[in-house]
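To keep things clear, I will list the structure first and then write my remarks on it.
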Amino acid sequence: MSLYEHIFLARQDLTAQQVEALVEQYKGIIETNGGKITKIEPWGLKALAYRIRKSRKAHFTLLNIDAPPAALAEVERLQRLNEDVLRSMTIRVEELEEGQSVMLQKRDRDDRRDREGGGFERGGGRFDRGDRNDRGPRRDRSRDDFGAEGSEEN
């Protein structure tokens, strides 16, 4: 049997339970054809780089599959017919990764950074820009360019 990493994108308006139901459907097809799914990773709802069928976001799911090529061909055929699946990609690999994928490791790292209060968005302050010099004192906005008070003429 061959080893595959299979990723599919489901529409953004589906619930997490509906995405899980899709995964269970594909898992059943692979198992009836003599294969097995070794790992299922729901990556969650993520923004897309460009619109796909009027969707800006999608539910990403990774499946590590150990199955004959015919089983995977059937899953891909059903995904092309299903309107809830926007895109899918299958890659044949020499060995399957153990543990979390890079995407889940990144999400864990981002969550940890958010909890610790770092980052510009969370009020962590401005980032150090060592490549820039100090700008000097700010110009007084109440004076015009000639140093006179106000900008009205007499």
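The values are calculated or read from the model by the stated rules, or taken from the named source; none is laboratory data. In this text the structure is predicted, and so the values were computed from the model without any measurement. Every residue, glycine among them, receives a Cβ derived from its backbone with ideal geometry; neighbour counts consider all protein chains shown.
Laid out as a table, the results:
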{"item": "Residue in segment 56-100 that is farthest from GLU24 (Cα to Cα), counting only those that are touching a strand residue (DSSP E or B) at 6+ places or on another chain (Cβ under 6 Å) and small (Gly, Ala, Ser)", "result": "ALA58"}
{"item": "Failed condition for ARG122, given (1) touching an Asp or Glu at 6+ places or on another chain (Cβ under 7 Å); (2) at pLDDT 70 or above", "result": "(2)"}
{"item": "Residue that is of a type in the set (Phe, Trp, Tyr), more than 17 Å from the chain's Cα centre (by Cα) and not in a strand (DSSP E or B), where the choices are TYR26, TYR4", "result": "TYR26"}
{"item": "One residue from LEU63, LEU72 being touching a Ser or Thr at 6+ places or on another chain (Cβ under 7 Å) and either in a helix (DSSP H, G or I) or within 22 Å of GLY35 (Cβ to Cβ) (or both)", "result": "LEU72"}
{"item": "Selection from segment 38-47 of residues that are surrounded by fewer than 17 Cβ atoms within 10 Å (Cβ to Cβ), in contact (Cβ under 8 Å) with a residue 12 or more places away in the chain and either among the hydrophobic types (A, V, I, L, M, F, W, C) or not in a strand (DSSP E or B) (or both)", "result": "ILE40, LEU45"}
{"item": "Residue list for segment 16-32, filter: under 24 Å from GLU98 (Cβ atoms), surrounded by 13 or more Cβ atoms within 10 Å (Cβ to Cβ) and of a type outside the set (Val, Ile, Thr)", "result": "GLU20, TYR26, LYS27, GLU31"}
{"item": "Restricting segment 76-95 to residues that are under 21 Å from the mean Cα position of the chain (by Cα) and surrounded by 10 or more Cβ atoms within 10 Å (Cβ to Cβ), the residue that is farthest from GLU5 (Cα to Cα)", "result": "ASP84"}
{"item": "Single residue of THR32, THR15, THR61, THR38 found to be under 20 Å from LYS106 (Cβ atoms) and either modelled with pLDDT of 90 or more or in contact with a Leu (Cβ under 7 Å, 6 or more places away or on another chain) (or both)", "result": "THR61"}
{"item": "Near pairs, Cβ below 8 angstrom, 6+ apart or cross-chain, from segment 81-104 (under 16 Å from THR61 (Cα atoms)) to any residue that is assigned to a loop (DSSP other than H, G, I, E, B) and basic (Lys, Arg)", "result": "LEU86/ARG53"}
{"item": "Lone unmet requirement of (1) in contact (Cβ under 8 Å) with a residue 40 or more places away in the chain; (2) surrounded by fewer than 16 Cβ atoms within 10 Å (Cβ to Cβ); (3) small (Gly, Ala, Ser) for ALA73", "result": "(1)"}
{"item": "Residues that are in contact with a helix residue (DSSP H, G or I) (Cβ under 6 Å, 6 or more places away or on another chain) and of a type in the set (Phe, Trp, Tyr), drawn from segment 38-74", "result": "TRP43"}
